[in-house]
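Asks: Here it is, the structure, as structure tokens.
Nothing in this text is a laboratory measurement; each read-out follows from the coordinates by a stated rule. Quick caveat: nothing in here was measured; it's all calculated off a predicted structure. Here the Cβ positions follow ideal geometry from the backbone for every residue, glycine too, while neighbour counts run over all protein chains shown.
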Amino acid sequence: MCTRGEVRWVTVHGFPVRDAAGKIHRLVGTAQEITAQKEAEEKVAEHLAAAESARAESDALNKATLALTADLRMDFVLDTLLQSLLELVPCECARVLLLEGDTRLLVAREKLRHETPKKALEYPLTLDAADSPFLLRILTVQNSVLLADTKHEKEWPSFKGHTDIRSWLCVPLVASQQTLGLLSVGHTQPNTFTQDHLRRTGLLAIPAAAAIQNSRLYERADIYGSELQRRLTDLRQTEKALEQSEEGRRVSEDKFQKVFRSSPIPFSITTINEGRFVDVNVAFERRYGYSRAEVIGRTVGDLGIWEDPKDRALMIAQLQQRGPIRNVITRLRTKSGEVKTTAYSADKIQFEGQSCILAVSEDLPDDDKRLNN
């Protein structure tokens with residue numbers, strides 16, 4: 001039974017019937033309803049299209065995640081992030097805003113697909129969320145936002161640089177529960193973006209925040225390592241003086257010992273092959289909780305100082321192949337069992353007739369420790 005005006009699918013088969021003279025005088029045929037079959041075929045087509053869309057989206061997100069981790073330099077990370085955002089969400093305006101301080105946002109990257117000649121903006125463009133209750137609420141609550149039409153958001157005019165945007169979505173960049181910035185996507189036409197667009201942007205924001213966090217750590221550690229390198233250079237010069245003469249060796253060794261003992265930075269000397277401690281300074285004792293007597297003659301393996309012994313093996317290989325290592329981020333264990341994230345630098349030296357490693361290991365700056373945690 002079908003109701004009046006209802007559309008049904010049928011398949012029809014027929015043939016003509018001829019008289020004795022060969023003329024067609026009637027048609028004979030059958031008609032079979034196939035509405036259920038057609039609806040099933042349409043459902044299958046819809047599911048296949050949805051599966052293909054999901055696969056394409058997954059491939060794009062995987063590609064973006066791999067690209068974001070390919071290089072730790074901030075410029076590379078931001079360029080890759082913006083390009084990935086444009087591939088996932090069709091828009092006219094895409095921005096990556098990074099938080100500096102409590103409320104100040106820097107437009108680190110932006111792309112305007114339909115740019116019109118206007119008075120050039122002053123760069124770098126900055127926004128202060130303190131001037132926009134709407135924007136400040138997003139940073140504070142860390143919730144994603146989708147506005148079908150910005151005309152219905154009374155606080156929207158306070159969002160500097162977005163007055164022409166009608167449809168807008170925003171996803172916070174959050175890592176270690178800390179807001180690093182925002183992904184902002186806009187269009188001049190209302191009702192452009194959907195919950196699916198918001199979901200895609202949210203998925204991209206997860207690896208993006210991690211990449212930005214790692215890039216900041218890398219840059220800060222690189223700067224921090226310059227000071228460690230300078231201190232190592234001082235010790236290196238002292239070491240070279242040991243080779244000049246027997247008399248000079250004794251004087252230089254005394255100087256070396258004074259620098260080694262009095263330095264506020266943890267120093268250690270271990271044999272290359274076994275990792276056996278030859279000497280440590282007072283700063284090392286304070287940081288790791290061992291007395292000098294507890295470590296001299298024992299190996300790093302005996303004490304379990306390296307959280308992952310493979311990290312030391314990799315460090316030895318780098319020393320042998322490339323020479324001194326600078327500012328490697330690793331994790332070392334104290335006597336109490338606490339694992340500390342460490343900026344680690346090392347070089348090969350000859351000490352008391354043995355091939356040894358002179359190592360410097362120090363806490364990262366407070367900001368970096370918070371990011372690692």
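Asks: Between R73 and I265, what is the spin-label point distance in nm, taking each point 7 Å from the Cα along the Cα→C-beta axis?
Replies: In this crude spin-label approximation the distance works out to 2.6 nm.
Asks: Going by how many other beta carbons lie within 10 Å of each one, how would you line up L183, L106, fewest first? Could the numbers behind the result be given before it?
Replies: Values: L183 24, L106 17.
Arranged by neighbour count, lowest to highest, L183, L106 become L106, L183.
Asks: So how much slack lies between T188 and E338, counting 0.36 nm per residue of separation and subtracting their Cα-Cα distance, in nm? Could you put the intermediate results ahead of the total?
Replies: Numbers: separation 150, 0.36 × 150 = 54.00 nm, distance 5.35 nm.
Computed gain between T188 and E338 is 48.6 nm.
Asks: Using 7 Å Cα-to-Cβ label points, what is the S355/I34 separation (nm, one decimal)?
Replies: Reported label-point gap for S355 and I34 is 8.0 nm.
Asks: With respect to the cross-link table entries K63/K111; K310/K348; K43/K111, which display a Cα-Cα separation exceeding 28 Å?
Replies: Values: K63/K111 20 Å; K310/K348 19 Å; K43/K111 38 Å.
Correct reply: K43/K111.
Asks: Still on this structure, I have one more. 7 Å from Cα along Cα→Cβ at both D149 and L319: what's the point-to-point distance in nm?
Replies: With each label point 7 Å from Cα toward Cβ, the separation is 6.9 nm.
Asks: What ranking do 145-156, 311-322, 129-140 get when scored by the average of other Cβ atoms within 10 Å per residue, highest first? Could the numbers behind the result be given before it?
Replies: On the way: 145-156: 15.0, 311-322: 13.5, 129-140: 16.9.
So the peptides 145-156, 311-322, 129-140, ranked by packing, come out 129-140, 145-156, 311-322.
Asks: Grab the beta carbon distance between N62 and L86, set R0 = 22 Å, and tell me the FRET efficiency rounded to 0.05. Spell out each step's value before the answer.
Replies: Working: r = 17 Å, r/R0 = 0.77.
The calculated FRET efficiency here is 0.85.
Asks: I would also like to ask the following. Return S84, S361, S262 ranked ascending by Cβ neighbour count within 10 Å, so the fewest neighbours appear first. Walk me through the numbers before you get to the answer.
Replies: Working: S84 20, S361 23, S262 10.
Sorted ascending by nearby Cβ count, the order is S262, S84, S361.
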